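To start, the structure itself, in structure tokens.
The values are calculated or read from the model by the stated rules, or taken from the named source; none is laboratory data. Just so it is clear, the model here is predicted, and its values are computed rather than measured. Note that we place each Cβ from the backbone using ideal geometry, even for glycine, and neighbour counts take in every protein chain shown. Just so you know, the surface numbers come from the protein's heavy atoms only, side chains and all, with ligands and any DNA or RNA stripped out. Shrake-Rupley method; radii C 1.70, N 1.55, O 1.52, S 1.80 Å.
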Amino acid sequence: MCSKKFLRHSALPCCAAALVLAAGCASPSASPPAPDQPAATAAAATPAAMLKSLDYSGNQTALEAIDRAIAAAGTDRTKLSALITELVEILKQADATFTAQQAAAQRLGQFLPPLKADDVALTTVEHLLADERLVNVARLALEPVPGEATDAAFLRTFGETTGGVRVALIQSIGNRRIAKAVPQLAPLLKDSDEPTASAAAKALGQIGTAEALAALERAPNPSARTVIEARLACGWSLASPSDGVAAFQRVLTDAHTSAAYRVLALRGVLGRDPQSAPATILTTLAGDDLAAKRVALEAISALPANAIVAPLAAKLSTFDAPTQAAAIGALAAFGDAAAVPAVSKAIADSDPAVRAAALAAIGKLPGTREGALELAQFLVTATGDEAKLARQSFARLNGPGVNDAILATAAAGDAKLRVVMLEAVATRNLTEAFPLLWKIRADPDATVRAAALRSLGELAPATDQAAVLAWMISATDNQEIARAQRALASISLRNHDEAARDRLVVDAVDHGTAEVQLRLLPVLTRLSSAAAAECAGRLACLSDAKVALAATDTLSRWPERNALPVLITTAEKATLDEARAAAIKGAIGFIERKRETPAKESPDDVARLLTIAKDLETRKSLLILLGRGTSDTALTLAEKLQSDPALAAEARDAALSIRVNRVWPPIITASASADQASRMVDGNAKTAWSVPATAGQWIQVDCKQARPIHRITLDQTGRVGDYPGTVEVFVTDDLSNPGAARATASGRRDRTVIDLPAGIRGRYVIVKSTAKRGGGAGNWSVTELQID
Amino acid sequence: MNSPEKKSPSAGLSRRTIVKQGLAGIIAYAVAPTFVPSSLFGRTAPSNRLNIGFIGNGLQFAGHFSAVLGRDDCRVVALCDVMLAKATKRRDEAEKTYGAEQSDGVYRGVKAYQYSEELLARDDIDAVWICTPDHWHAPIANAAMKSGKDVYCEKPMTLTQREGRVLVDTARRCGRVFQTGSQQRSEYSFRKAAEMVRNGWIGDLTRIRTNLGEFPPALALPEQPIPAGFDYDRWLGPTPWRPYHEKRVEGNYGGGWRCFYEYGARKNGDWGAHHFDIIQWALGMDHSGPVEFIPKGWQGAQYQTHVYANGLHVERVDSGLKAMIEFTGSKGTIWVGRNEVLETDPPELAARPLRGEETHLYVSENHQSNFLDCVRSRQRPIADVEIGHRTATICHLNAIAERIGRPIHWDPVKEEIIGDEIASRWLDRPRRAPYGTL
């Protein structure tokens, strides 16, 4: 019987049908009525009966049904009328819960049409307006409903109320801007109840008519905060701009007005009298009232460019330096050519703030050939912050002749100026300069050649890989070689075909001379692909010591972990002992830099290195790394090595560490942001514990069992500046008596590694900051905390 | 093309690698030195630092507080939270940080307040950070600007569409600087993506998709005892009375008050305030907006969608996108997200510098610094109040369409809903007295 077909053909009003569907034909999964709900709810006799027992918790199906019905009704006034009847009924019922009445009123406010004085909805809700408990409920229903009858209901009730109810109604009257209320509100400005007087003033300001303003100006204290704010509001809303200006002028000239409000009145004058605003702004900027200057500067942006740019530019040099700097910023925002001469002149100002503002602004203003040459010439000798600002402006300078000037000047002339222009070729994406850039390969000046290579590195397509490789191989100047290496890497990385990115370089290495191989090693590093790493590995196994050691060193500093297996293979297979030793050292470095403890990878890498390494200290280091693991393989190896007398102690420590790792994570607490503390051991470098980098902050780690502690690593990957000041490390089994600090260290950017003396064991590790970081407070963050 | 598993054409190309190492990137990344004249608009040394107050000391506050605490050009002088204990705890942290200065005769301590009007009554505070739940943004921001403070207001800027227009008017009429906390505008990747779109590098736009995620449903919560020291009535403020429950007031990125329409616009407000904002920027619509809002499910609509006057659809796709925002055009695609995610098809677009004659957008490397610089220079910040309002309008209109279950047609010039006076009611909400007016 509850099919949609039945509902479509039912004689029931659609909304009521929807409610019945929700109430009586709820799906089996619908929540049962809450145990404390009245029986009527469960019985679901009528929709109103259901809703009238609504509570804030428990079964909300009645409310959900109403909302579905409202949505289904859409803008259909017939359907909505039926819903209004249902909802008003709830407001009439004395036994309806507050929750139900609030919900009904809130929904009525969403779609009650303009009402007539005798509408049941209006008479019902008006009755509630005077009820201290329900006034806000009634306001939900009536305040949004337009129409004079509703206005009248508020005015009638307001006259009969006091205290909080009256304040609530005054606020509704203000929000509805009921101009007829002025005679009733005006006397309340003298009311002894401060909230009432304030609410009346605010409402008069919202109404904003001449009558409201007159009432406010006649108030006992027309300069009181709430009254003057209302007067200012009227100044903006009066229909006549001249009346508005006059209202603001009266505030400005009122001796009792505070400076803060006089400034607001000034802003009002500027806003309502745009004709005289430019002159007023210029006068204000020439004065010494800082608060007024702030407002005048902000007001500049509200004016049309043709009204303010030329006069402001003309007066610019007459202002004090800080005002000039701020005004230049305002001029730049217009992007108007009329500002260019004044701003260009300011680039040579004696005040650094003015110069900096002008340099930042000039790129936002229309450019010319001459302007481009001046800016380039400035860049030849500029340094520091001014050079940065000038470069940023030069990169975006736009106007006729600018690009042509750059290309022409880059082709010939003073080498320093050519270098500046070649840089602009890159920053401005001037691909039309390609013929010139290739031609420069034959230029006698090495700095110019290097600059051209830099631009090619920025702009050249992947098809130019071979040409840049050839240039790099033939280059004679060190700076030129370095630029060519970077250019080759950048161009290769732009290749759409990922598999082909490193092919040309790898082929050149495999078939090149030793000199070519050495030149291409930095390129392989920048490419950092697996194929590039394997290529470097092949070099590391050569008998040419210079090449092999350079390749091993390159792999040890490789940016990606794909170098680790190559290093281990090199350690096993390299021709030269030195290369094998360097490869082992490089591999250990890679494993040490791993972010997580316990290590997620298999212990195979460490085991392989232990097999290869002959040096005792290296083997001991490897056992510490083995102690990061959790696997049976790692534990078995550590236990096996305990039979080696030279390594027995370290192997025992490793085995113990592995057993403790198996109950990871430790219990970790902190002096502050304790809810974030577990992020230090979650194996996720993107989450962090973070506190101000001040003295006294601490981290406490409970490893749950005593274990050897060789080293603590505080990793703040991705938050390189969030390092601590000075930290002390305590290791103890007894928190009540942690003893003396076992190590002290200064925080380091990126990672702080604290090595402890040999033989330290304990269950608890405490890292305590004893001094704030210099150079400002900032944060101390730890993304991962490692214990070795 | 959009499967998260499929590698993009530029896979393996880190934007950091190709852009930061590039010359254009180095110049773009160079921290623009401040040229702001602190001597004019601050005070005399050593207190030419700006005095800052924080209102709302919960979840969203923490990052701003740490950042401001670490700066030498401003001082936190006041904290305020309706749970006074939060403010006093943070006051203690601030005093500990500034402790070294207490003996120099300049440092005047940090004050903790429970009520914003106490903080706003101080005339020595230059700017306030508003980090409250959304329903308090507009009332406090409005009062702050009238009391002479510049405002950094967390996003979304408002609870209702109408509140936004009031805040724009107040900011202009009071000559205040107002930064909306949509800080993605101050991230290089988002700016670069917007510039690529603006300059037509991917041709004519055919579709934009964004991922906002979803919140769990708002719960019907029983009443719990109000914790000592917490002014719960003030926390509710202008919203309809509801019984206290810890889940209602909880600051939680995955739930808490963010789940309730009473206090925000759910995901449309929470993440829409970021991603819709970037889309507005990319389209050059900062002073305008879409013309139609279609709720998910309307006549079979698979996604919530808003439509610009040129017919461009922005779809809210809550899963499966490879980045937070995807711009698709006739010549390519851009994927952009936080943590420097910027991928393009064709891939070389991401590293291509802008030409001088192309559109260059407002550059800010740090949202907080941009605000503080503008407090001094009196320029408009990168997420000025009008921008924040227009973005919040999109958040609110999408939420309204979802709640009334039908499309909304919008006039972005008049800022009116067209032909649906019932939907128009939703542009504002009655406010509970005594918090009954803005």
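In the set (1) buried (at least 16 other Cβ atoms within 10 Å of the Cβ); (2) over 28 Å from B:Ala392 (Cβ atoms); (3) at pLDDT below 95; (4) away from every other protein chain (no Cβ under 14 Å), the condition left unmet by B:Leu84 is number (3).
When the residues of the stretch B:51-65 are filtered to those that are among the aliphatic types (A, V, I, L, M), within 14 Å of chain A (Cβ to nearest Cβ) and not in a loop (DSSP other than H, G, I, E, B), the one that is surrounded by the most Cβ atoms within 10 Å (Cβ to Cβ) is B:Ile52.
Those strands (runs of 3 or more DSSP E) of the stretch B:125-203 in which 1 or more residues are among the polar types (S, T, N, Q), in contact with a Gly (Cβ under 7 Å, 6 or more places away or on another chain) and open to solvent by less than 10 Å² (accessible area, probe 1.4 Å) occupy B:178-180.
Restricting attention to the stretch A:332-349, does a residue exist that is without any contact (Cβ under 8 Å) to a residue 24 or more places away in the chain and more than 20 Å from A:Ser276 (Cα to Cα)?
So far as the stretch A:332-349 goes, yes, one or more of its residues are without any contact (Cβ under 8 Å) to a residue 24 or more places away in the chain and more than 20 Å from A:Ser276 (Cα to Cα).
For the stretch A:353-387, the set of residues classified as at the interface with another protein chain (Cβ under 9 Å from one of its Cβ atoms), open to solvent by 30 Å² or more (accessible area, probe 1.4 Å) and out of contact with any Asp or Glu (no Cβ under 8 Å at 6 or more places or on another chain) consists of A:Lys364, A:Gly384, A:Asp385, A:Glu386, listed by residue number. Scanning the stretch B:212-230 for residues that are more than 30 Å from B:Ala323 (Cβ to Cβ) and either crowded, with 16+ Cβ neighbours inside 10 Å or among the hydrophobic types (A, V, I, L, M, F, W, C) (or both) returns B:Leu219, B:Ala220, B:Leu221, B:Ile226, B:Ala228, B:Phe230.
Scanning the stretch A:771-788 for residues that are touching a strand residue (DSSP E or B) at 6+ places or on another chain (Cβ under 7 Å) and either open to solvent by 60 Å² or more (accessible area, probe 1.4 Å) or not in a strand (DSSP E or B) (or both) gives A:Ala777, A:Thr783, A:Asp788.
Taking the stretch A:569-578 as the search range and keeping residues that are in a loop (DSSP other than H, G, I, E, B) and not β-branched (Val, Ile, Thr), which one is surrounded by the most Cβ atoms within 10 Å (Cβ to Cβ)? Only one residue tops the list, namely A:Ala574.
Each residue in the stretch A:311-337 was checked for being among the hydrophobic types (A, V, I, L, M, F, W, C), surrounded by 20 or more Cβ atoms within 10 Å (Cβ to Cβ), within 9 Å of chain B (Cβ to nearest Cβ) and closer than 14 Å to B:Arg380 by Cβ, and 3 of them qualify. At least 3 residues being more than 12 Å from every other protein chain (Cβ to nearest Cβ), open to solvent by 20 Å² or more (accessible area, probe 1.4 Å) and more than 23 Å from A:Ala103 (Cα to Cα) is the threshold, and among the helices (runs of 4 or more DSSP H) wholly inside the stretch A:129-187 those reaching it are A:148-158. Would you point out which residue out of A:Asp95, A:Asp36, A:Asp118 is surrounded by fewer than 18 Cβ atoms within 10 Å (Cβ to Cβ), at pLDDT 95 or above and out of contact with any Leu (no Cβ under 8 Å at 6 or more places or on another chain)? Only one candidate passes the filter, namely A:Asp118. The lone criterion from (1) polar (S, T, N, Q); (2) open to solvent by less than 10 Å² (accessible area, probe 1.4 Å); (3) farther than 25 Å from B:Gly181 by Cβ left unmet by B:Thr239 is number (3).
Hey, does the stretch B:334-355 have a residue that's without any contact (Cβ under 8 Å) to a residue 60 or more places away in the chain, touching a Lys or Arg at 6+ places or on another chain (Cβ under 7 Å) and in a loop (DSSP other than H, G, I, E, B)? Yes, the stretch B:334-355 contains at least one residue that is without any contact (Cβ under 8 Å) to a residue 60 or more places away in the chain, touching a Lys or Arg at 6+ places or on another chain (Cβ under 7 Å) and in a loop (DSSP other than H, G, I, E, B).
Residue by residue through the stretch A:621-668, note down the ones that are over 23 Å from A:Val765 (Cβ atoms) and free of Cβ contacts under 8 Å to residues at least 24 places away in the same chain. Within the stretch A:621-668, A:Asp632, A:Thr636, A:Glu639, A:Lys640, A:Gln642, A:Ser643, A:Asp644, A:Pro645, A:Ala648 meet the criteria. Of all the criteria given as (1) among the polar types (S, T, N, Q); (2) surrounded by 21 or more Cβ atoms within 10 Å (Cβ to Cβ); (3) within 14 Å of chain B (Cβ to nearest Cβ), the one not satisfied by A:Gln676 is (2). Just one residue in the set A:Ala426, A:Ala390, A:Ala452, A:Ala410 is over 27 Å from A:Pro352 (Cβ atoms), open to solvent by less than 10 Å² (accessible area, probe 1.4 Å) and either within 12 Å of another protein chain (Cβ to nearest Cβ) or of a type in the set (Ser, Thr, Tyr) (or both); that residue is A:Ala426. You will find that of A:Ala247, A:Ala212, A:Ala219, the residue that is buried (at least 19 other Cβ atoms within 10 Å of the Cβ), outside any helix (DSSP H, G or I), free of Cβ contacts under 8 Å to residues at least 60 places away in the same chain and over 39 Å from the mean Cα position of the chain (by Cα) is A:Ala219 and no other. If we scan the stretch B:252-259, do we find a residue that is open to solvent by less than 20 Å² (accessible area, probe 1.4 Å) and over 25 Å from B:Thr158 (Cβ atoms)? No, every residue in the stretch B:252-259 fails to be open to solvent by less than 20 Å² (accessible area, probe 1.4 Å) and over 25 Å from B:Thr158 (Cβ atoms). Scoring A:Asp464 on the criteria (1) more than 38 Å from the chain's Cα centre (by Cα); (2) closer than 18 Å to B:Leu349 by Cα; (3) free of Cβ contacts under 8 Å to residues at least 24 places away in the same chain leaves a single failure, condition (3).
When residues in the stretch B:388-438 are screened for being charged (D, E, K, R), open to solvent by 30 Å² or more (accessible area, probe 1.4 Å) and more than 12 Å from chain A (Cβ to nearest Cβ), 3 of them pass. Candidates are the residues of the stretch B:356-387 that are in a loop (DSSP other than H, G, I, E, B), of a type outside the set (D, E, K, R) and within 9 Å of chain A (Cβ to nearest Cβ); the one that is least open to solvent (accessible area, probe 1.4 Å) is B:Gly356.
How many of the residues making up the stretch A:733-763 are part of a strand (DSSP E or B) and open to solvent by 30 Å² or more (accessible area, probe 1.4 Å)?
Selection size over the stretch A:733-763: 7.
Considering the stretch A:470-480 alone, what residues qualify as being open to solvent by 20 Å² or more (accessible area, probe 1.4 Å) and assigned to a helix (DSSP H, G or I)? Selection gives A:Ala470, A:Ile473, A:Ser474, A:Asn478, A:Gln479. Scanning the stretch A:188-209 for residues that are over 47 Å from the mean Cα position of the chain (by Cα) and not basic (Lys, Arg), we see that the one that is surrounded by the most Cβ atoms within 10 Å (Cβ to Cβ) is A:Leu188.
Given the criterion open to solvent by less than 70 Å² (accessible area, probe 1.4 Å), in contact with a Ser or Thr (Cβ under 9 Å, 6 or more places away or on another chain) and among the β-branched types (Val, Ile, Thr), identify the matching residue among A:Val566, A:Val505.
That would be A:Val505, the only listed residue that is open to solvent by less than 70 Å² (accessible area, probe 1.4 Å), in contact with a Ser or Thr (Cβ under 9 Å, 6 or more places away or on another chain) and among the β-branched types (Val, Ile, Thr).
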